[in-house]
1. Of the listed values (1) 75, 24, 22; (2) 61, 42, 21; (3) 39, 28, 23, grab the one calculated as semi-axes √(5λ) of the Cα gyration tensor in Å from the structure here.
2. For the chain, calculate the relative contact order in percent as a whole number, restricting contacts to Cα pairs under 8 Å that are 6 or more residues apart.
3. Of K71/K309; K5/K250; K384/K470; K5/K322; K279/K470; K104/K250, which sit over 30 Å apart, Cα to Cα?
4. HN-Hα J couplings of the range 18-25 from phi, Karplus 6.51/-1.76/1.60, θ = phi - 60°, integer Hz, Gly and Pro as x?
5. Which lysines, on any chain, are close to K105 with Cα under 19 Å apart, when same-chain ones fewer than 8 places away are left out?
6. Could you run the Karplus curve 6.51 cos²θ - 1.76 cosθ + 1.60 with θ = phi - 60° over the range 482-493 and give me ³J(HN,Hα) per residue in whole Hz, x for Gly and Pro?
7. Work out, step by step, the length gained on full extension between E231 and Y45: first 0.36 nm times the residue separation, then minus their alpha carbon distance; give nm to one decimal.
8. Going by how many other Cβ atoms sit within 10 Å of their own, how do M48, M156, M358 line up, fewest first?
Amino acid sequence: MTNPKYFHFFKNNIKDISAPEKFTYPFYYDPHPLSIMATKEVQAYLMMQTDFNHHFENTGKMFGVLVVQTKNNEIGFLASVSGKLADTNTHKYFVPPVFDMLPKKGYYKTEEHKLNILTQKIETLEKAEIYNRLKRSLTKTIEKAEGEKNSFRLKMIEAKKERKERRKQIRREFEGNRLQENLKTLDQESIIFKLKKRDLYKQWDRKIVQDQKELSTYEDEITKLQMLRKEKSSSLQRYLFQQYQFLNKKKEAKNLLSIFEETSLQVPPAAAGECAAPKLLQYAFQNQLTPICMAEFWWGKSPNSEIRKHKIFYPACQGKCKPILNHMLKGMLLDTDPLLKNPAIGKELEYLYEDQYMVVVNKPSEFLSVPGKTIDDSVYLRIKQKYPKATGPLIVHRLDMSTSGIMILALDIDTYKKLQRQFIKRQVKKRYLAILDGIVERNNGTIELPLRLDVEDRPRQLVCYEHGKKAKTIWKVIDRTENKTKIHLYPITGRTHQLRVHASHPEGLNTPIIGDDLYGSKGRRLLLHAEHITLHHPETKEEISFSAKAYF
């Protein structure tokens with residue numbers, strides 16, 4: 001039997017490497033030795049290949065490897081790239097997409113061309129001189145109308161005031177018939193003003209309607225084309241979603257529409273199905289290859305918003321890939337999701353301070369601050385168990401599960417509000433200790449990179465200058481040894497993952513914290529510790545400080 005076109009034999013001997021008993025849990029994993037070996041071969045290919053031209057120093061890409069077994073029990077691997085590469089989906093080395101939308105004579109490209117023609121027609125109409133002249137004319141007419149109307153209204157107000165004074169004077173000077181005649185004259189003046197106002201408004205309203213009528217000839221055509229484009233775009237998008245048919249081990253096929261209608265999104269996000277992992281599994285199932293293990297890695301320059309490091313392994317994304325892979329991996333024996341295990345088992349909180357108002361603890365790493373979706377054990381639960389009569393939210397601020405260090409907790413609602421007010425007003429001074437995976441050349445500085453949630457890959461954060469919230473960190477290097485930098489971080493704001501992103505992002509320190517499985521490389525633990533905090537006691541107002549030594 002001839003092996004499939006994109007099946008690659010290992011160049012190195014793998015006889016001494018045992019295959020895993022379960023397939024990789026793709027959303028959180030340590031790469032299996034076979035996946036690591038396959039990755040090294042793909043990376044060697046990327047460094048030496050002449051099959052395509054792509055400037056990875058400008059735009060990095062995510063790649064994937066899938067170790068597979070043939071029907072003849074031969075072990076090899078498949079490779080793929082997320083999205084298109086060098087403006088094409090067809091490559092000598094990488095498996096094809098689940099659906100190729102790029103052929104010029106294909107339905108998608110043909111319909112896309114029609115959409116582009118519609119867009120060009122709309123843009124031509126919108127840029128037409130006569131259309132823009134009519135828009136300017138209407139704007140000027142409306143402005144002039146409002147100006148004259150306002151001017152006349154002010155004139156009427158002044159005239160009304162004047163008539164009011166004249167009425168007072170007439171009532172003082174006249175009586176009887178002469179009084180009534182003079183008052184009648186004033187009433188007639190008021191009527192004349194109202195008639196003039198009516199005529200003025202009618203005159204301008206007719207002019208505006210006329211200008212609008214001339215303009216609507218063009219606007220109606222533009223609106224009609226826009227609606228047609230929207231209808232055709234929606235139809236083409238739906239067609240596209242239906243073409244992406246994903247298989248699983250049992251050869252059950254599901255398209256993107258049916259997969260995502262069961263999620264909170266309901267509609268597939270952009271580029272769903274184009275990631276490396278679905279491509280690899282699809283090709284394996286289509287060609288009777290048994291998946292053994294897999295991994296994905298980044299190659300090249302990091303994007304501007306999300307953090308991706310050259311040669312670093314990454315899990316499959318939560319937003320676009322998880323719904324698809326949940327279907328594709330159905331019926332396969334997977335590694336256990338480590339996030340379902342309670343990481344706090346056998347760990348205890350260190351109590352640094354306790355009184356009737358507040359508690360200060362030193363939280364171990366891999367210990368939740370608050371209950372999670374599947375795990376209740378947390379700082380909150382431990383404090384609630386120790387202080388069953390405590391009221392209020394308790395948690396004044398949080399630390400990431402992987403971050404160790406000082407946490408402040410309130411034992412009643414009034415104390416909670418007082419402490420929270422200090423955090424909101426940024427009156428609390430915090431210092432973190434971190435060890436970075438590399439050398440930071442400068443000695444100190446300030447990082448200001450706005451952050452927001454990556455809604456397609458929670459809980460990751462993105463740097464976003466348009467929608468991100470202000471985030472500021474002051475830093476100072478303590479020591480440099482063995483290609484590592486020990487550093488103090490002073491967060492001025494308290495955004496989610498702020499220190500981790502500011503350390504790792506190219507516009508920050510460009511050096512991830514050791515053990516950062518989201519923005520760097522997975523390790524024994526995240527070497528980030530909240531070691532010092534200063535605030536005012538909620539009751540006595542006295543300034544108090546607490547320190548906790550880092551165990552790394």
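Taken together, the values in this text are just the output of simple stated rules run on the coordinates, not laboratory data. These numbers were taken from a predicted model, which means no experiment stands behind them. As a convention, Cβ positions derive from the backbone with ideal geometry for all residues, glycine included, and neighbour counts pool all protein chains shown.
1. (2)
2. Taking the mean separation of contacting Cα pairs over the length of the chain, I get 14 percent.
3. Pairs exceeding 30 Å: K71/K309; K384/K470; K279/K470; K104/K250.
4. Each residue of the range 18-25 in turn: 7, 6, x, 6, 10, 6, 4, 6 Hz.
5. K84, K114, K232
6. Ordered by residue, 3J(HN,Hα) equals 6, 6, 10, 10, 8, 8, 9, 10, 10, x, 7, 10 Hz.
7. 62.6 nm
8. By the 10 Å Cβ count, ascending: M48, M156, M358.
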